[in-house]
Amino acid sequence: MQEKRIERFNLAERLGHWSHGITFVVLLVTGSALVFRGFSGLLGPEGLKVTRTLHHLFAYPFTFLTVLILLIGTPRTVFQWLKECFTWSREDWQFLKLFPRQFFGLPAQMPEQGKFNAGEKLNSLLTVFGSMWMMGTGWILLFRERFDPQLVAWAHPLHSAGALFMGAVLIGHVYLALCHPECREAIKGMIWGSVSETFAREHHLRWYRELTEQNKATSSEKRVA
């Protein structure tokens, strides 16, 4: 018997996630090619020119596309996501305290979590503010002739430092999504939209209870009607 699956992300949420992720990876790769001298010999002058053009072009979807998809396609869930990311409970702090053990595959009794656990909340906040950092410094560099030279001089190292930091966050995110045995089910939610009932119950028990209560209430209303 096939296990029941529970919807976790709608289509707009998934499109927003992947548009942000893909554009960021392209920007990270092309930006690295422009910064690290070792790429110059491999790509040559024409290759570097194409790489720079791609880097500049992908700045536009990175800045605007994800926001448009989320705000037009699913504004209610975006508000709920942001609200939850900025709302922290005692269980969230306990989760973060124990998370290094879970990250490295050690046994840990994790506290109850909502739709987004504390690690996902932290990753979301780092992504939001890190992306704003990259956008702000990136647009200054892209239109450097319109800004004070001193501001441009500061923007360059800040942009590079932000890229290194965001790259590290991405590596941790990918490791948990693809390699960590306890978190691998989560990637299915971001691809197909749903996760198994067992995963929801074991990793997001508070959210699972809320959904169960909502379903019971809906069933009761239908019976009364």
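Give region 94-150 a look and list any residue that's touching a Pro at 6+ places or on another chain (Cβ under 8 Å), loosely packed, with under 15 Cβ neighbours inside 10 Å and assigned to a helix (DSSP H, G or I), or say none. Within region 94-150, just 101 meets the criteria.
At least 3 residues being more than 16 Å from the chain's Cα centre (by Cα) and modelled with pLDDT of 90 or more is the threshold, and among the helices (runs of 4 or more DSSP H) wholly inside region 171-225 those reaching it are 197-203, 205-224. Residues in region 178-214 that are free of Cβ contacts under 8 Å to residues at least 40 places away in the same chain, crowded, with 16+ Cβ neighbours inside 10 Å and aliphatic (A, V, I, L, M): 186 alone. Scanning region 1-38 for residues that are aromatic (Phe, Trp, Tyr) and crowded, with 17+ Cβ neighbours inside 10 Å, we see that the one that is farthest from residue 158 (Cα to Cα) is 9.
Annotation: of all residues in region 35-54 being part of a helix (DSSP H, G or I) and hydrophobic (A, V, I, L, M, F, W, C), the one that is farthest from residue 13 (Cα to Cα) is 42.
The condition (being in contact with a strand residue (DSSP E or B) (Cβ under 7 Å, 6 or more places away or on another chain), touching a residue at least 24 places away in the same chain (Cβ under 8 Å) and at negative phi) is satisfied by just one residue among 13, 3, 84: 3.
Does region 55-88 hold any residues that are surrounded by 16 or more Cβ atoms within 10 Å (Cβ to Cβ) and outside any helix (DSSP H, G or I), and which are they? Once the filter is applied, which keeps residues that are surrounded by 16 or more Cβ atoms within 10 Å (Cβ to Cβ) and outside any helix (DSSP H, G or I), region 55-88 yields only 74.
Residues in region 129-163 that are without any contact (Cβ under 8 Å) to a residue 24 or more places away in the chain and under 23 Å from residue 67 (Cα atoms): 129, 132, 136, 140, 141, 143. Could you please let me know if residue 162 is open to solvent by less than 20 Å² (accessible area, probe 1.4 Å), closer than 20 Å to residue 22 by Cα and more than 15 Å from the chain's Cα centre (by Cα)? For residue 162, the condition - open to solvent by less than 20 Å² (accessible area, probe 1.4 Å), closer than 20 Å to residue 22 by Cα and more than 15 Å from the chain's Cα centre (by Cα) - is met.
The values are calculated or read from the model by the stated rules, or taken from the named source; none is laboratory data. This structure is a prediction, so every number in the text was calculated from the model and none was measured. Quick reminder, even Gly has a Cβ in these numbers, built from the backbone with ideal geometry, and neighbours come from all protein chains shown. We work out accessible area using only protein heavy atoms, side chains counted, and drop any ligands, DNA or RNA first. Shrake-Rupley method; radii C 1.70, N 1.55, O 1.52, S 1.80 Å.
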